[in-house]
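Since the structure comes first, as structure tokens, the remarks are kept for the end.
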Amino acid sequence: MSIQQSVLHLPWYRSLNRDQWKVLLASNLGWTFDGFEIFALFLTVGFALRQLLDAAQYAAIPQYAGYILACTVFGWATGGVIGGIIADYIGRKRTMMLAILAYSLTTGLSALAWDWESFAVLRFLVGVAIGSEWATGASIVSELWPDHARGKGGGLLQCGAGIGGLLASGVWLLIGGTGPHAWRWMYLIGVLPAFVVLWIRRNIPESPRWERADERRRAARDLKRSGAALDGENRALTRFTVVDLFADRSVRRAFVASFVMMFSVTFAYWGVGTFIPTYVGAIATKAGLSAPYYAGLAGFITSACGIVGFISLGFLADTIGRKPTAMLWYLMCLVLTPLVYLWGQSQDIAVVLSLVGVFGFFTLGIWAWAPVWLPELFPTRMRGTAVAFVFNAPRFISCLGPLVAGTLVVALGGYGWAATYVGLFFALGVLAAPFLPETRGRPLPETLSPAGAAGASASAAD
């Protein structure tokens, strides 16, 4: 029996080495901190705006919340694209460290906002830092984890967002009722992740796949400087990675279909999922209950169920395939949105919280398709750029999601139909997924696209 066959007969978790676990931990921690920050915004935006707006503007808080969320998403798109490009040129590890440091600084500054405009600008800067971190973590985990367990690695990486949300909800349950400045303390806590950079610097390796691609890129540039004629991958390696992404016809179909899938979930989720704490808080207020407490509890339940959803998607993707798993999650998000926002608003608070749990399992869990599937669609030389562009660029458009949703909430006099209309965008994910190749168990493409890598022995090296 070969070494590879022996590894496949082990339980999946015993087939991993220490460096692979450390890389997952570092990437998960980075995304956990991002998740804390994102959910802190969901939980506190309404309360922050009550302090930053005049009393006469309180009725329009959902609309202003939409502006704040839109600025955050726009910043996320900007930083995400830039971070992915940087990761392809200076490495996954160094980019991750820079992103976490930037996140820690900007989230702390958010606590100093003095009006809603300054809050919006600071949230944009936080979004830039958050967006830069995810693509590096997704790339390095996919490049170090073995083919048979890569889906699980992606799900375990993405569950950091749920863990961060869980921590944010728990902290808000503790401090949310301490006074009007409680929201500022939530953002000051976000400075702490900077200390994790020291551990990352000393304990995780750089991706060997990126190092090999970087060597090939340097060699191709030397050939170009010497005046040699370039063709094939050498020509691609000398192109700017964003240009390469659009110029390489072999990845075009995967690029377009995955972009549509990502646009689907970013527009729908940021226009639907982000309002869950505020929505549940409004239901609690009508029932004579504490809005801050139930808003925090809703966020806590959403995050806890989302963690299970992330991990479940990754494990199921390794079992039945990427395509059917992603389609199932998108379909459930589409169905559950009207159940939560239309049928749920007339139910008892306990029923609403139960629905929110199922909703969180799917609407948070759906994000795990990206770290599971996206890195398997693009070759190493452009992986960071491609993964970052597909994951983040749709936000340049979908930043309108919370803005549209917030405006609809005000115009329609409630969350029900506003969320249902925006939630229809989940249908795009169901329609686009069949156009992507099934990559379960296949080696990552090194120099070729998945379509051209089927017989390439170079891409089979792990």
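The values are calculated or read from the model by the stated rules, or taken from the named source; none is laboratory data. Bear in mind that the values here come from a model prediction, so they are computed numbers and not experimental data. Virtual Cβ from ideal backbone geometry, glycine too; neighbours counted across all protein chains shown. Protein only, heavy atoms only, side chains kept; ligands, DNA and RNA dropped before computing areas. Shrake-Rupley method; radii C 1.70, N 1.55, O 1.52, S 1.80 Å.
Grab the other residues whose beta carbon is less than 13 angstrom from that of V197, score K and R as +1, D and E as -1, and report the net.
Here the count lands on +3.
Can you give the angle from 0 to 90° between the axis of helix 61-90 and the longest principal axis of the chain, with both taken from C-alpha atoms, to the nearest 10?
10
Counting only protein heavy atoms and a 1.4 Å probe, tell me what percentage of the chain's accessible area is made up of carbon and sulfur.
67
Heavy atoms of the protein only, probe of 1.4 Å, neighbouring chains included. What is the accessible area of M382 in Å², nearest 10?
So the heavy atoms of M382 present about 0 Å² to solvent.
Between (i) 30.1; (ii) 21.6; (iii) 28.9, which matches mean projected area of the Cα convex hull in nm² calculated for the structure shown?
(ii)
By accessible area of protein heavy atoms, probe 1.4 Å, what ranking do I175, I100 get, highest first?
I175, I100
How would K152, K323 line up by accessible area, probe 1.4 Å, largest first?
K323, K152
Compute the long axis of helix 252-272 from its Cα atoms, compare it with the longest principal axis of the Cα atoms of the chain, and write down the angle in degrees, 0 to 90, nearest 10.
For 252-272 against the chain, the angle is about 20 degrees.
Report the local net charge at Y64: Lys and Arg +1, Asp and Glu -1, summed over other residues whose C-beta lies under 14 Å from its C-beta.
-1
Given a Förster distance of 22 Å, report the FRET efficiency between A56 and D115 from their Cβ-Cβ distance, rounded to the nearest 0.05.
After rounding, the FRET efficiency stands at 0.95.
Of I189, I130, which has the most accessible area with a 1.4 Å probe, and how do the rest follow in descending order?
Output order, biggest surface exposure first: I189, I130.
To the nearest 10 square angstrom, how much accessible area does W343 have with a 1.4 angstrom probe?
Near enough 120 Å² of accessible area.
Can you tell me the length gained on complete extension of the stretch A427 to A247, counting 0.36 nm per residue apart and subtracting the Cα distance?
Between A427 and A247, full extension yields an extra 61.9 nm.
Note down the relative contact order for the chain as a percent, whole number, built from C-alpha pairs under 8 angstrom at least six residues apart.
It rounds to 25 percent for the chain.
Enter the accessible area per residue of the stretch 128-203 (Å², integer; probe 1.4 Å; all protein chains in place).
Each residue of the stretch 128-203 exposes 34 Å² on average to a 1.4 Å probe.
With a Förster radius of 35 Å, plug the Cβ-Cβ distance of N203 and V308 into 1/(1 + (r/R0)^6) and report the FRET value to the nearest 0.05.
Calculated value: 0.80.
Specify the angular offset, from 0 to 90 degrees and rounded to the nearest 10, of the alpha carbon long axis of helix 92-110 from the longest principal axis of the alpha carbons in the chain.
20
List the lysines whose alpha-carbon lies under 20 Å from that of K323, not counting same-chain residues fewer than 8 positions away?
K152
Can you give the accessible area per residue of the stretch 238-372, in Å², using a 1.4 Å probe?
Per residue, the stretch 238-372 has an accessible area of 34 Å².
Round to the nearest 0.05 the FRET efficiency obtained for E215 and H148 when R0 = 35 Å and r is the Cβ-Cβ distance.
Here the calculated transfer efficiency is 0.80.
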